[in-house]
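The values are calculated or read from the model by the stated rules, or taken from the named source; none is laboratory data. All values derive from a computational prediction rather than experimental measurement. Note: ideal-geometry Cβ built from the backbone for every residue, glycine included; neighbour counts use all protein chains shown.
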Amino acid sequence: MKRIAILASGNGSNAQQIVSYLRQTGEAEVALIITNRPQAGVIERAKKLNIPCHYFTNEQLRDGAEPIALMKAQQVDLIVLAGYLCLITPIYIKEYPERIINIHPALLPDFGGKGMYGDHVHRAVLAAGKAQSGITIHLVDEDYDHGRHLLQATCPVFPDDTPETLASRIHELEHRFFPTTIAQYLRFL
Ligand code: GRF
């Protein structure tokens, strides 16, 4: 059975959806969750889901040696970034070529790049007066939000939207499409 590591820095709702979906289908399993935030909500979710969760500092994560050694020891086949706010350095790409997937809460290449995460993205979409937004699930390379797209899904943006109302519409797309896109990609590994 294919094994996944999820890297997350925040609330962990996507991580939870992925774990639940894969437990239903039995196609793969989440071997561990890694975070760079000692107070991240994903830690609590991992505990409740009975998934091992490991904290590393930003320095350890940028260096890569320890997190990668852990993932290799756990026979991880695919790395999934679910709200992970630390740049993936070249050592990860070398060790896991075409095997790192990220989700971005906008329609790349617009509204992406360093510093574009969470509400910053939704504020920029609203400020630009876009009629639609959405998600992009893509392979990761050395640049932020830059690799080959695996899936894009769209949603409308309404005139009275706030960053919060747009974020909740985007989260629905994420929760609907991220687990299935990961499962489909795993079938080709
Ligand atoms: C999501 O909006 C995702 O698109 C972005 O970070 C957020 C993670 O949310 N990369 P959660 O921690 O999974 O709830």
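Things worth noting here:
- Looking across segment 1-42, the residues that are touching a Phe, Trp or Tyr at 6+ places or on another chain (Cβ under 6 Å) and in contact (Cβ under 8 Å) with a residue 60 or more places away in the chain come down to L7, A8, S9, N14.
- Matching residues, segment 166-189, being more than 14 Å from the ligand (Cβ to nearest atom) and either at pLDDT 95 or above or out of contact with any Lys or Arg (no Cβ under 7 Å at 6 or more places or on another chain) (or both): T180, A183, Q184, Y185, L186, R187, F188
- Residues satisfying the stated conditions in segment 143-154, i.e. away from the ligand (no atom under 13 Å from the Cβ), out of contact with any Leu (no Cβ under 6 Å at 6 or more places or on another chain) and either modelled with pLDDT of 95 or more or on the phi > 0 side of the Ramachandran plot (or both): H149, L150, T154
- Of the candidates L87, L49, the single residue that is under 17 Å from the mean Cα position of the chain (by Cα) and within 25 Å of L186 (Cα to Cα) is L87.
- None of I137, I170 is aliphatic (A, V, I, L, M) and assigned to a helix (DSSP H, G or I) except I170.
- Taken over segment 142-154, the criterion of being in a loop (DSSP other than H, G, I, E, B) and either over 14 Å from the mean Cα position of the chain (by Cα) or among the hydroxyl-bearing types (S, T, Y) (or both) is satisfied by E142, D143, Y144, R148.
- Candidate set from segment 80-95 (those that are touching a helix residue (DSSP H, G or I) at 6+ places or on another chain (Cβ under 8 Å) and of a type outside the set (D, E, K, R)); member that is nearest to the ligand (Cβ to nearest atom): G83
- In segment 96-119, residue surrounded by the fewest Cβ atoms within 10 Å (Cβ to Cβ) [restricted to those that are away from the ligand (no atom under 11 Å from the Cβ) and charged (D, E, K, R)]: K114
- Residues of segment 55-76 that are more than 16 Å from the ligand (Cβ to nearest atom), without any contact (Cβ under 8 Å) to a residue 24 or more places away in the chain and either among the aromatic types (F, W, Y) or buried (at least 17 other Cβ atoms within 10 Å of the Cβ) (or both): F56 alone.
- Here segment 1-12 is the region considered, the condition is being surrounded by 18 or more Cβ atoms within 10 Å (Cβ to Cβ) and within 11 Å of the ligand (Cβ to nearest atom), and the residue that is nearest to A183 (Cα to Cα) is I6.
- Taken over segment 120-132, the criterion of being in contact with a helix residue (DSSP H, G or I) (Cβ under 7 Å, 6 or more places away or on another chain) and within 14 Å of the ligand (Cβ to nearest atom) is satisfied by H122, R123, V125.
- Checking each residue in segment 97-119 for being touching a helix residue (DSSP H, G or I) at 6+ places or on another chain (Cβ under 9 Å) and of a type outside the set (D, E, K, R) picks out I100, I101, I103, H104, P105, A106, L107, F111, G112, M116, G118.
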